[in-house]
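Encoded as structure tokens, the structure appears first; notes follow it.
Laboratory data are not the source of any read-out in this text; all were calculated from the coordinates shown. Only a predicted model underlies this, so the values are computations on that prediction, with no experimental measurement involved. Reconstructed Cβ throughout: ideal geometry from the backbone, glycine too, with neighbour counts over all protein chains shown.
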Amino acid sequence: MEHRSVDSLGAFNVFVQVTETRSFAGAAARLGISPSAVGKAVARLEARLGVRLFQRSTRSIALTAEGGLLLDRCRRIFAEVEALTGELSASRAMPRGKLRVSFPLVGMLLMPTLSNFMRAYPDIELDLDFTDRIVDVIEEGFDAVVRTGEISDSRLMTRSLGAFEHRVVGAPDYFQRHAPPETPEDLRAHACLHHRYPSTGKLERWPLYRDGAFVGHDLPVAVTASTLEPLIYLAEQGQGLTCVPLFAIRQQLRAGTLVSVLDPFLQSTGVMRVVWPSNRQLTPKVRAFVDFMSAELPISDT
């Protein structure tokens, strides 16, 4: 059975060469075999498949309908084999060259991980873009894009980098001056520091829920900012409460400069993903980035 499979692949290659050169002699020259060997290989293939692949005359040959169908399938198979061969060869190469990656603005908080990536792969030149707008990965020439939420573009491959939750936090000094909120409704008596999406101008909702119903309506607005860093800084300075992803304030929580409140009411979980074009070969530099970020990005709460 194995011997027959090898013979079949060879016969399919002979068939493709005949269609491309439009002659048995041309195929023979390409393959380095005799025209009679080409003719015998095609005859055996036709006998095995039970169909006629060529209409032959003394001057030319032409594909039959069945031959056209087989040619289309053969080209797909050989293209896949060639792509796989290239990927396997590339996987042994050292990751190097320019790597263009787009992050959301919150990605600025992930710079320690990117710094570690640079140390691990010194031959990769990072070209970093930070924006919350929706980018066209393919048209804008990005090698990879990191975003939160679901990805529905069929042109893209995706891998989850981890799930994350939000926390409502304030400084110990703030809570010495203001009683910590025990329910979402208590927030109406507090200074709330909000993240504003720069692409839409809308405020990000604080994901507060009770019994499955959203209860984060009508929160006071003391400050709005288009990035998270100012909100975290102002919260640490005792200027109010803010709601940010847990991965962004782990260090502050450990150090005690921020304290978390209302945890039982925070039920939403976001997902951060890395995506890259599916129609491009996964080069060593992109593979290295995807694998490194999947393993090292400290956003998962588990």
Practice item. Calculate the spin-label point distance for Ser115 paired with Ala47, positioning each point 7 Å from the Cα along the beta-carbon direction, and give it in nanometres. Key: 7.2 nm
Point to revise | Selection from Ala191, Leu49, Gly26, by position along the positive dipole direction of the chain (Cβ) | key: Gly26
Exercise for review: Convert each backbone phi in the stretch 93-98 into a coupling constant with the Karplus relation 6.51 cos²θ - 1.76 cosθ + 1.60 (shift: θ = phi - 60°), then list the ³J(HN,Hα) values in order as whole Hz, x for Gly and Pro.
Suggested key: 7, 6, x, 7, x, 6
Review point. Based solely on its DSSP helices, what 222 nm [θ] is calculated for the chain when runs of n ≥ 4 H residues each add -39,500 (n - 2.57) and the sum is averaged over all residues, nearest 500 deg cm²/dmol?
Key: -12000 deg cm²/dmol
Practice item. At 0.36 nm per residue, minus the direct Cα-Cα distance, what do Leu69 and Ala295 gain on full extension? Give it in nm, one decimal, please. Key: 76.9 nm
Review point. In a shell of Cβ-Cβ distance under 13 Å around Pro220, excluding Pro220 itself, what net charge do Lys and Arg (+1) and Asp and Glu (-1) give?
Key: -2
**Study point:** the stretch 197-264-the stretch 24-87 distance, computed between alpha-carbon centres (Å)
**Key:** 65 Å
Check your understanding: Once phi is turned into ³J(HN,Hα) by the Karplus curve 6.51 cos²θ - 1.76 cosθ + 1.60 with θ = phi - 60°, what whole-Hz value does each residue of the stretch 208-225 show in order, with x for glycine and proline?
Key -> 9, 9, 9, 6, x, 9, 5, 10, x, 7, 6, 7, x, 10, 9, 8, 10, 8
Practice item. Specify which residue in the list Gly170, Phe103, Pro122 is farthest towards the positive end of the charge dipole of the stretch 90-201, using unit charges on the beta carbon of Lys, Arg (+1) and Asp, Glu (-1), about the Cα centre. Key: Pro122
**Study point:** Most fluctuating residue given options Asp173, Asp211, Asp127, as computed from a GNM of the chain linking Cα atoms under 10 Å
**Key:** Asp211
**Study point:** Value of Rg/Rh across the stretch 24-116 [Cα atoms, Kirkwood radius]
**Key:** 1.34
Practice item. Just add up the charged neighbours of Leu262: K/R +1, D/E -1, any other residue whose Cβ is under 9 Å from the Cβ of Leu262. Key: -2
Check your understanding: How much net charge surrounds Gly26 when only the other residues with a Cβ under 15 Å from the Cβ of Gly26 are counted, with Lys and Arg +1 and Asp and Glu -1?
Key -> +3
Exercise for review: Quick one: which residues, 5+ away or cross-chain, put their amide H under 5 Å from the amide H of Val244? H built at 1.01 Å from N.
Suggested key: Arg167, Val169
**Study point:** Antiparallel bridges, percent of DSSP beta bridges restricted to the stretch 164-268 (to nearest 5)
**Key:** 70 percent
Revision key, fill the gap. In order over the stretch 182-193: 3J(HN,Hα) from phi, Karplus 6.51/-1.76/1.60, θ = phi - 60°, whole Hz, x for each Gly or Pro, gives 9, 9, x, 5, 5, 5, 5, 9, 10, 7, 10, 9
Check your understanding: Can you give the Kirkwood hydrodynamic radius of the stretch 202-302 from its Cα pairs, in Å with one decimal?
Key -> 16.5 Å
**Study point:** Percent of C-alpha pairs per 10 Å bin, the chain, short to long
**Key:** 5, 20, 20, 15, 13, 9, 8, 7, 3, 0
Point to revise | Dipole of the chain, positive end: most advanced residue of Ala37, Leu266, Val223 [Cβ charges, Cα centre] | key: Ala37
